[in-house]
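Notes to accompany the following structure.
The values are calculated or read from the model by the stated rules, or taken from the named source; none is laboratory data. Nothing here was measured: the structure is a model prediction, and the numbers come from that model. So basically every Cβ, Gly included, is an ideal-geometry build from the backbone, and we count neighbours across all protein chains shown.
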Amino acid sequence: MSRLALTVALVLGFAFVGGVSRADEPQVSRAVAKSLKAANEALQVKNYAEVLARTREAAAITPRTAYDDYVIHYMQMPAFAAQSNYTETANAIEAIIDSPYLPATSRPQMLRTLMSIDYQQKDYDKAIQYGQRALAAGDLSSDTPLIIAQAYYLTGKYKEALAGMDAIVARDEQAGRKPAEKSLNLIWSCAIKTKDDAAASRAIEKLILHYPKPDYWANAMAGVLASKTTDDRLLLMTYRLMAQVGILKRGADFTEMAQIALDQGNPGEAQVVLEQAFAKNLYSDPHDKERSQRLLDKVRRSAAEDRASLPKEEKAAAAAAAGDGLVQIGAAYLGFGQADKALASISAGIAKGNLKYADESYMLLGIAYQRNKNTSEAVRAFNRATNDPKYARLAKLWALEARS
């Protein structure tokens with residue numbers, strides 16, 4: 001429901017019913033009784049213009065009691081709401097919200113209604129005030145904390161908004177619910193504005209986990225891409241993730257990825273990468289297209305030779321003292337789309353030990369598990385890449401991709 005429609009529904013839920021018979025309850029004074037009886041009868045048949053006319057008539061009578069005023073405003077409240085006069089609706093509620101005659105059970109809902117009206121009218125400070133009072137009065141609506149946090153955000157109080165939204169997301173997670181995308185986006189925005197890098201990272205990671213869109217991946221990888229590296233192994237692993245999540249867009253990046261893969265003895269992967277780039281028509285410059293075509297012709301020849309020699313090379317790697325050779329054989333099998341052989345070879349290489357590139361080995365193992373549709377083992381493998389902080393940060397993103 002829209003905020004205004006919600007407000008109407010809340011307010012119209014209150015309707016005064018006269019004829020109080022209990023001796024311990026107050027009665028309207030004799031002077032206003034006739035007018036308020038007529039107002040109440042009009043309220044029951046939803047004749048709101050008559051309700052307002054009769055209550056104004058009563059308000060003009062003097063003297064009046066505090067209870068007379070309470071009843072007048074109580075009946076005016078739904079009448080104004082039905083006419084979409086939210087300013088006067090709020091005024092009527094404010095006139096009775098602290099009245100000793102208002103039942104305690106009604107106070108949370110009335111405070112929440114005031115919060116909603118003030119939020120719609122962009123009086124965010126009052127919306128926060130009434131929202132907090134509603135919570136203190138026992139309001140359990142999930143809508144109230146959200147409106148308070150949004151009001152804090154719109155008044156530039158980003159730390160308070162961040163704290164409120166963190167509590168909302170934590171509540172959802174504890175209840176086993178997926179946090180709302182807009183909630184996580186608001187947390188991320190607040191974290192950016194307050195320069196809270198840890199909170200921003202948590203928010204973007206949850207967005208990736210629950211709503212794995214390319215834009216969120218681009219934000220998540222901004223830090224990785226900003227840190228220039230001369231480590232081609234790390235760069236290739238970065239390109240692999242970018243390609244997998246759909247944010248590798250430039251032809252030049254596809255070409256560089258293919259060249260690094262070829263240099264590392266993986267022509268099968270280089271061929272796949274370049275063929276994808278041509279299929280997507282990523283080379284608009286004739287020179288770039290010609291150069292990339294020459295590279296593709298070269299890797300196709302190398303891939304055919306490599307595929308034929310892999311079994312022999314795997315035997316030689318198995319006889320070596322260190323496991324790096326077997327891991328790279330496994331990477332080559334991944335390039336050729338043979339995930340089962342890749343998993344066996346990489347696992348054997350890691351078990352052999354004496355690894356020069358341990359972090360890369362665990363990440364390749366994670367990819368192999370992922371392509372064999374074993375998510376839990378893939379995440380476990382990615383989480384083992386912890387020796388180098390740069391690899392660990394990238395491996396964490398790989399683990400998120402596997403989980404999403």
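Being at pLDDT below 95 and not in a helix (DSSP H, G or I) is a condition met by no residue of region 72-82. Filtered by the rule that a residue be of a type in the set (Ser, Thr, Tyr) and within 19 Å of Leu248 (Cα to Cα), region 264-312 gives Tyr283, Ser284, Ser292. Only one entry in Asn354, Asn372 is at pLDDT below 95 and either of a type in the set (S, T, N, Q) or within 21 Å of Val245 (Cα to Cα) (or both), namely Asn354. In summary, Ala303 fulfils each of the numbered conditions (1) closer than 16 Å to Pro267 by Cα; (2) of a type in the set (A, V, I, L, M); (3) under 42 Å from the mean Cα position of the chain (by Cα) with the single exception of condition (3). Checking each residue in region 68-107 for being touching a Ser or Thr at 6+ places or on another chain (Cβ under 8 Å) and among the aromatic types (Phe, Trp, Tyr) picks out Tyr70, Phe80, Tyr86. Restricted to region 244-356, the set of helices (runs of 4 or more DSSP H) holding at least 3 residues that are basic (Lys, Arg) comprises 286-319.
Of the helices (runs of 4 or more DSSP H) contained entirely in region 91-192, those carrying at least 3 residues that are within 30 Å of Thr65 (Cβ to Cβ) fall at 107-120, 124-136.
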